[in-house]
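I have placed the structure first, in the form of C-alpha cells, so that the comments after it can refer back to it.
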C-alpha cells in the first residue's frame, strides 16, 4: 500500500530550503534595519538573525520553531527594539503551523499568542489614534496566515487521498480482471469436462467393447488403436483441465450427483435452515454430467439462501423428473424484495444460468407472488452420447 503523503513525518521534508529561507529573511531584515528610514538600534540586525534562525526548523519541528520565534519577539518587546524580521517570522511560522502541525490545542495556543503579540506591539509602537485600525489589520493578517496554512494542509491531504483512491481503484480493477479470467477459465474447464471428456469416455468404452468382440485381424487392430488414441486424448484433456482450473493438478475425486443431495441438505440443515426435499417421477439413468449440474444448481441455491436470505423459515427443494427432462425448484419464504435477496443476483446465478444453458434448459430466479424467493431450472437431460 502506498504511504499516505499527507501523514509523512515532517523530518522527511527538505531542510535545506527552509535554511535558505531563514537566511534570506535574516539578510533582508538586517539590510532594511541598517539602511532603512526606520533604523533605531544597532542591535536590531542581531535580533533579526535571532528571529529568522528558527525558520530553518519550520517543517522539521514547527512547534519548537514557533516557540523560539515567540520567545525572541517577547524579548524584543521587553528591550523596546523594533526588529523588521518579526513580522515575516511570525507570519511564516503561523502558516507553517497550520500546514504541518496537527495538534489542535497547539494551533489554538499559537493563535492566542499571536493575537497577544499584536496587542502588545500595537500598544507600545503604534501612535495614538491609529491603534484600533492597526490592531484590526494585524489581527486579520495573523489569522489569515494560520488559515492559509490550514487550507494548504487540507488541500494536500485531499490530493493525497485522491491519488490513493486512484491507485486503489487501479489495483481493484486489475484484481477484478484476474478474477474474471479465473472465472472464464473455470467455465471453460466445466464445459470441456461436461461435453468433451464424457464423449471421449463413451467412445473409449465402445471401442473396447468392439475390440473384445472382433476377431483377430486388421479390424481388431484398428479398433484397438482407436481406443488407445481415445485414452491419450482423454489424458491430455485432463491435463488441460488442470491448467484451466489452476496451477495445481486437476481434481480426480468423484464428482457429486443426485445421490449426494441428501448429504447436501443435511449440511444446510446443520447450518440452521429448515430444508425439505421432494422428488417426483423416475430419474432414469442420468449421465454423471447431468447429475453434477443438478447438484451444483441445488448447492448454489442453498448457498444463496444462507448468504442472502432474510427471515427465511422454510426452504423446499423439488426435483420433478419427466421423461428426458428434469425441473429443479428451490424456493424459500423469506421476505420478498429484501435487499439481501436482491443481492443474490451475482456470479452464483450466472453460473447456474450457464449450466442450465448447456442442457438447452430454462432458468429463472426471483421473488414469488406469494412472498419469498425461488430458483427454477428446467433441463433437458438426454445424454447425446448415450443416445447414439
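The values are calculated or read from the model by the stated rules, or taken from the named source; none is laboratory data. Being a predicted model, the structure only gives us computed values, none of them experimental. Neighbour counts run over all protein chains shown; Cβ positions are idealised from the backbone, glycine included.
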Out of 141, 205, 186, sole residue that is at pLDDT 80 or above and either surrounded by 12 or more Cβ atoms within 10 Å (Cβ to Cβ) or in contact with a strand residue (DSSP E or B) (Cβ under 8 Å, 6 or more places away or on another chain) (or both): 141
Which one of 86, 108, 123 is modelled with pLDDT under 80, farther than 22 Å from residue 26 by Cβ and either in the same structural domain as residue 31 (by TED's automatic domain parsing) or assigned to a helix (DSSP H, G or I) (or both)? 123
All positions within segment 65-82 that are within 15 Å of residue 22 (Cα to Cα) and either surrounded by fewer than 17 Cβ atoms within 10 Å (Cβ to Cβ) or in contact (Cβ under 8 Å) with a residue 24 or more places away in the chain (or both): 65, 66, 69, 72
Considering only segment 301-322, state which residues are touching a helix residue (DSSP H, G or I) at 6+ places or on another chain (Cβ under 9 Å) and at pLDDT below 90. 301, 302, 303, 304, 305, 306, 307, 308, 309, 310, 312
Taking segment 89-105 and keeping residues assigned to a helix (DSSP H, G or I), out of contact with any helix residue (DSSP H, G or I) (no Cβ under 6 Å at 6 or more places or on another chain) and surrounded by fewer than 19 Cβ atoms within 10 Å (Cβ to Cβ) leaves 104, 105
Considering only residues of segment 23-43 that are within 13 Å of residue 87 (Cβ to Cβ) and buried (at least 21 other Cβ atoms within 10 Å of the Cβ), which is modelled with the highest pLDDT? 25
Looking at segment 136-162, I want the residues that are touching a residue at least 24 places away in the same chain (Cβ under 8 Å) and have a partner that is surrounded by 15 or more Cβ atoms within 10 Å (Cβ to Cβ) and not in a helix (DSSP H, G or I) with Cβ atoms under 9 Å, at least 6 apart or on another chain. Which pairs are those? 149/101; 153/101
Looking at segment 126-151, which of its residues are more than 43 Å from the chain's Cα centre (by Cα) and part of a helix (DSSP H, G or I)? 131, 132, 133, 134, 135, 136, 137, 138, 139, 140, 141
Within segment 255-283, restricting attention to residues that are in contact with a helix residue (DSSP H, G or I) (Cβ under 7 Å, 6 or more places away or on another chain) and part of a loop (DSSP other than H, G, I, E, B), which residue is nearest to residue 316 (Cα to Cα)? 273
The conditions are (1) over 24 Å from residue 153 (Cα atoms); (2) in contact (Cβ under 8 Å) with a residue 40 or more places away in the chain, and residue 119 fails exactly one of them. Which is it? (2)
Quick one: count up the residues across segment 258-285 that are within 17 Å of residue 327 (Cβ to Cβ) and crowded, with 18+ Cβ neighbours inside 10 Å. 2
Quick one: residue 157 ticks every box in (1) within 30 Å of the chain's Cα centre (by Cα); (2) in the same structural domain as residue 59 (by TED's automatic domain parsing); (3) modelled with pLDDT under 85 except a single one, so which number is it? (3)
